[in-house]
Each structure stands twice: as C-alpha cells, then as structure tokens.
Amino acid sequence: MSVFQTLKKGVFENNPVLVLLIGLCPTLATTTSVKNALGMGLATLFVLTMSNVVISMFSRFFPKKIRIPCFIVVIASFVTIVKMIMDAYAPPEINDALGIFIPLIVVNCIILGRAEAFASKNGVLASLFDGLGSGLGFMLALVVLAFFRELLGAGAIFDIPIHTSLKPITMFILAPGAFVALGSILGFVAWRRLRREERECAEAAGKYRAELIITSKNKPE
Amino acid sequence: MSGTEAFIIFFNVLLINNFVLAKFLGLCPFFGVSKRTGDALSMGAAVVFVMFMASLVTAFINWFFLLGHPGNLFYRAMGGDPAAYDMTFLYTIVYILVIAVLVQLVEMALMKLSPPIYRALGIYLPLITTNCAILGVALLNNDFAVEASGFWVYLAKCLIQGLGAGIGFTIAMLLMSGIRERLEYIPVPKPFRGIPISFIVAGIMALAFMGFASMI
C-alpha cells in the first residue's frame with residue numbers, strides 16, 4: 001500500500017473518532033476552542049507516531065504474554081516527554097486547558113489499538129505512516145468539532161470574533177454542547193454513509209437488471 | 001478533616017463534577033457497555049471497586065515514594081534535602097503500571113476467592129485498565145497532597161473521591177442504560193440510530209446534571 005493510501009485510510013476510512021468511535025474522552029474534553037484542539041491533536045500525533053515507530057522496532061523482543069504492559073511503558077515514556085515539553089514551552093493557557101488530558105493520552109485507546117493491531121506486526125516505515133495517518137485523522141476530528149463548538153458557543157474562531165450581533169449559544173462550549181455537537185457530526189457521517197450505500201445498492205441492482213435483460217435477449221429462441 | 005469537607009468532596013465528584021457527564025472521563029464504557037441495565041450495573045460495580053483500590057494504592061505510592069517532602073521514605077532512609085527526592089514527573093508511568101498490575105491482581109484474587117462475582121465482573125476487568133476514569137481519579141487525587149496536613153487526611157480524601165467518582169460513574173451508566181433500552185422502540189431517524197442519538201441523550205443528561213452546580 002502506498003504512503004498516500006495509508007494516510008488516507010487513517011484520516012477518512014478508519015478515522016479513529018468519527019468511524020471507529022475510540023478516543024472519545026479527549027475529543028469531547030479538549031475541543032472548547034480550535035487552539036486547544038490543535039494542541040491536543042499535535043500531542044497525540046507525536047505520541048502515536050513515536051510509539052508506533054519504537055514498538056515496531058522492538059516488538060520482536062517483547063515476550064508475547066506481557067506485550068501489552070511493554071507497549072504501555074513505551075507509550076507512557078513518550079507521554080511523559082510530551083508532558084515535560086508542554087510544561088516548559090506550551091502557552092500556559094493551552095497547557096492549563098488541556099490539564100490532566102495530557103497524561104491521560106497514555107490510556108487513549110487509539111494508541112494502544114494501533115500498537116497492537118499494526119505496529120507490532122509491521123515494519124518501521126509502514127508503522128510511521130500508519131501512526132501519522134491515524135494521528136492526523138484524530139486531529140481532523142478534533143478540529144472539526146472544535147470549529148463548530150467555538151463558532152456556536154463563543155462566536156469566534158481562533159479567538160477572532162466572527163459574529164458580534166448574535167448572542168453566542170454558551171451551552172456549546174460547556175459539557176452538554178460537546179455531546180450534542182459530536183452526536184450531530186456522527187449523525188451526519190452516518191447519513192453520508194447510508195446515502196452512499198443506497199446509491200451503490202441501486203447501481204448494483206441496475207447493473208443486475210441490465211444483465212438479466214441482456215441474457216434474456218441472447219437466449220436462443 | 002471535618003464532616004462537611006468530606007461531604008463536599010463526595011457530592012462534588014458524584015453529581016456536580018460527575019466524571020462522565022461533566023469531566024468526560026470513561027466515555028468508552030459509558031457508550032460501549034450501556035445497552036442493557038444488567039451489564040451497566042456490573043461494569044459500574046467493577047469500576048467502583050477498582051477506583052477505590054487504585055485511590056488507596058496510588059495515595060500510598062505518591063506520599064511515600066514520589067513527592068519530595070519529609071514523608072518520603074527515600075529521604076527518611078538517606079537524609080539530605082527532601083526536595084531532591086521529588087520524582088513527581090514519573091506520575092504517568094508509575095500510576096498506569098500500578099493500575100495495570102492492580103487490575104490483574106484483583107482479577108486473579110476474584111477468580112480464586114469468589115467465582116460468582118468473577119463471572120459477573122470478570123470480562124469487564126481487563127477493559128478497566130485502559131479506562132481513563134481510573135487513571136483520571138488517581139491524577140486528580142494528587143491535588144489533595146498539596147493542601148493535606150498529614151498522610152491520613154490525604155488518604156481519607158483520596159478514598160472519598162475514589163468512591164464518589166465510582167458511584168457517580170455507576171449512576172450515569174444506569175440512567176443511560178435505562179434510556180437506551182427505551183430508545184430501541186422509538187422511531188429515531190435512520191442516520192441517528194445507535195451511537196449518535198446516544199450522544200444527544202447524554203448531552204441532555206449533562207444539561208440536567210448542570211443543575212446540581214449551585215447545590216453546594
């Protein structure tokens with residue numbers, strides 16, 4: 001599979017949040033603004049890519065029975081690195097907003113899932129791009145959700161006010177809005193999938209009918 | 001620690017800052033295992049138990065091994081400057097490993113000691129290792145160490161928060177499973193069936209739980 005295909009698969013077909021429904025806790029908690037979502041997305045992307053690379057390198061040395069704890073140690077090390085980098089260099093308001101969700105990257109199902117399903121069975125380069133794809137997919141979902149939540153809830157994008165005459169719906173940056181916004185986006189994704197399936201179904205049925213007509217015409221009298 | 005303080009910690013984490021509906025911790029089991037009330041209750045019981053145990057164990061480890069203060073055992077053994085023994089940057093690695101080992105031990109102990117409980121909770125225990133609510137409660141408990149006057153006060157606060165968080169999680173799971181059982185019979189628009197409508201229901205529940213905010 002080419003690099004581009006691997007990336008596309010991680011971002012669209014197997015999008016961790018919108019299709020596979022994993023990694024929901026940070027998705028809802030850190031999308032109060034696009035800035036926070038980008039920060040969380042980048043942190044997760046880094047941990048996912050690096051742990052995928054290291055696990056694919058060393059997976060043959062991990063005894064089969066205790067491979068999960070081994071993966072967790074690798075992931076936790078990278079999370080600690082990210083935490084220390086963020087404490088030192090990230091803007092304080094982003095660091096405070098992400099709070100305990102930075103150390104909680106370690107229990108994000110996406111990372112352990114990719115380690116177990118992909119990195120432990122594939123080469124370094126393939127795992128690198130798999131991690132990049134899934135990480136970018138996660139970031140995309142976060143940014144899309146944060147875009148709608150910030151637009152509706154604060155009337156701004158990147159803290160730049162978009163509409164000032166309308167009163168923003170504050171609920172959308174609070175907890176209930178997170179659930180409703182993600183539910184609506186998931187509904188939209190499901191609607192598009194259903195429509196595509198219906199179209200494919202109709203196409204297949206049409207083709208089948210055409211074949212039937214041709215075969216019945218070619219039937220010897 | 002006074003009774004009021006304990007009461008406030010308990011109800012804060014139980015209703016006002018409910019782990020699932022206000023803090024977004026433990027959403028995977030919340031949506032994954034809430035299809036039937038029986039399953040939801042078993043999962044909730046397992047989470048309460050593991051959260052309590054994790055609060056207990058991480059409180060000991062934090063106080064005696066990680067924090068750089070006079071209570072640190074390395075400092076007591078070797079002397080010098082207590083701040084030099086500060087190993088709090090290792091929180092993440094130490095806590096997740098301790099929780100993973102703890103869950104494994106609990107599973108083995110239950111299998112030996114109480115097969116009926118093991119049959120009810122067994123399949124949920126491995127899932128709990130990667131449940132962010134457990135690590136979340138352990139990390140949130142760290143804040144108590146700063147203000148606590150002594151180990152026993154700190155431990156009591158941790159245990160109350162662990163218990164309250166677990167019971168709050170169970171309440172949210174039970175409510176959700178009751179609603180989802182009824183949702184099966186309602187003509188929801190096709191794209192919203194299953195998970196999307198559950199999210200919107202959870203949003204309305206979160207809105208209701210926001211009403212508790214002015215309780216204390």
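Taken together, the values in this text are just the output of simple stated rules run on the coordinates, not laboratory data. This structure is a prediction, so every number in the text was calculated from the model and none was measured. With ideal geometry, Cβ positions are generated from the backbone for all residues, glycine too; neighbour counts draw on all protein chains shown.
Out of B:Phe52, B:Phe74, B:Phe60, I need the residue that is touching a residue at least 60 places away in the same chain (Cβ under 8 Å), outside any loop (DSSP other than H, G, I, E, B), away from chain A (no Cβ under 14 Å) and out of contact with any Leu (no Cβ under 6 Å at 6 or more places or on another chain). Which one? Show your work before the answer.
Working: B:Phe52 fails: out of contact with any Leu (no Cβ under 6 Å at 6 or more places or on another chain); B:Phe74 fails: touching a residue at least 60 places away in the same chain (Cβ under 8 Å).
B:Phe60 is the lone residue from the list that is touching a residue at least 60 places away in the same chain (Cβ under 8 Å), outside any loop (DSSP other than H, G, I, E, B), away from chain A (no Cβ under 14 Å) and out of contact with any Leu (no Cβ under 6 Å at 6 or more places or on another chain).
Only one of A:Ile157, A:Ile162, A:Ile169 is within 14 Å of another protein chain (Cβ to nearest Cβ), aliphatic (A, V, I, L, M), surrounded by 10 or more Cβ atoms within 10 Å (Cβ to Cβ) and under 28 Å from B:Ile200 (Cβ atoms); which?
A:Ile169
Test of understanding: among A:Ala97, A:Ala178, which residue is assigned to a helix (DSSP H, G or I) and buried (at least 20 other Cβ atoms within 10 Å of the Cβ)?
A:Ala178
Among what's in the stretch A:78-120 and is under 14 Å from A:Ala43 (Cβ atoms) and small (Gly, Ala, Ser), pick the residue that is nearest to the other protein chains (Cβ to nearest Cβ).
Going through the qualifying residues, I end up with A:Gly99.
Could you check the stretch B:184-216 and list, in sequence order, the residues that are exposed (fewer than 12 other Cβ atoms within 10 Å of the Cβ) and either at the interface with another protein chain (Cβ under 7 Å from one of its Cβ atoms) or on the phi > 0 side of the Ramachandran plot (or both)?
Residue satisfying the conditions is B:Lys190 alone.
Could you check how many residues of the stretch A:1-22 are over 24 Å from A:Leu125 (Cα atoms) and not β-branched (Val, Ile, Thr)?
2
Let me confirm something: among B:Leu90, B:Leu14, B:Leu67, which residue is within 27 Å of B:Phe151 (Cα to Cα), in contact (Cβ under 8 Å) with a residue 24 or more places away in the chain, surrounded by 20 or more Cβ atoms within 10 Å (Cβ to Cβ) and touching a Ser or Thr at 6+ places or on another chain (Cβ under 8 Å)?
B:Leu67
Search the stretch B:130-153 for residues that are facing chain A (nearest Cβ under 10 Å) and over 22 Å from B:Met43 (Cα atoms) and pair each with any residue that is surrounded by fewer than 23 Cβ atoms within 10 Å (Cβ to Cβ) and not small (Gly, Ala, Ser) when their beta-carbon atoms are under 6 Å apart and the residues are at least 6 apart or on different chains.
Every condition considered, no pair remains.
Against the definition (within 14 Å of B:Leu66 (Cα to Cα), in a helix (DSSP H, G or I) and not basic (Lys, Arg)), how does B:Leu140 come out, yes or no?
no
Only residues that are in contact with a helix residue (DSSP H, G or I) (Cβ under 7 Å, 6 or more places away or on another chain) and farther than 16 Å from A:Ala76 by Cβ: list them for the stretch B:83-110, please.
B:Tyr85, B:Val106, B:Glu107, B:Leu110, listed by residue number.
What number goes with the only condition from (1) surrounded by fewer than 16 Cβ atoms within 10 Å (Cβ to Cβ); (2) within 14 Å of another protein chain (Cβ to nearest Cβ); (3) part of a helix (DSSP H, G or I) that A:Leu20 does not pass?
(3)
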